[in-house]
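Structure first, then comments.
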Amino acid sequence: MTAKIVAGLNTKPFAMAADASGNEPLVDASFNAFLPKLGVSFHINDDMTTSFIFQKGYRSGGVGTNIARAATYTYDAEYTNNYELSYRSLWLVTNTIKKQEMQVA
């Protein structure tokens, strides 16, 4: 009795395993995007600069295969808008060099 129940429960997984060993269906998809990058810098003096950068990010979509179901699927591309505002200066480098010179002297 128990053997019949176990055999009945295992028929579905065994059938899925048998189907999975078939050939994968071929699917092709192409993904492309225009990705602008713009930047502006302002040099306050020789040691200080500020800048702003905008960049569009992109991760392509794709195609996947579920072998157990012998089915293919696609997933969409993802986009991001990236912004960077920066301030750069040499005050730390200058102070570090002066400190090192003082230690050597």
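The values are calculated or read from the model by the stated rules, or taken from the named source; none is laboratory data. What you see is a predicted model; the values in this text were computed from it and never measured. Heads up, the Cβs are rebuilt from the backbone with ideal geometry, glycines too, and the neighbour counts pull from every protein chain shown.
See the values below:
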| read-out | value |
| --- | --- |
| Cross-chain or 6+ apart pairs with Cβ under 9 Å, the range 59-84 first and over 16 Å from Pro36 (Cα atoms) and touching a residue at least 12 places away in the same chain (Cβ under 8 Å), then aliphatic (A, V, I, L, M) and assigned to a strand (DSSP E or B) | Thr65/Ala71; Thr72/Val63; Thr74/Val63; Tyr75/Val63 |
| Total residues in the range 65-89, condition at pLDDT 80 or above and either among the hydrophobic types (A, V, I, L, M, F, W, C) or assigned to a strand (DSSP E or B) (or both) | 17 |
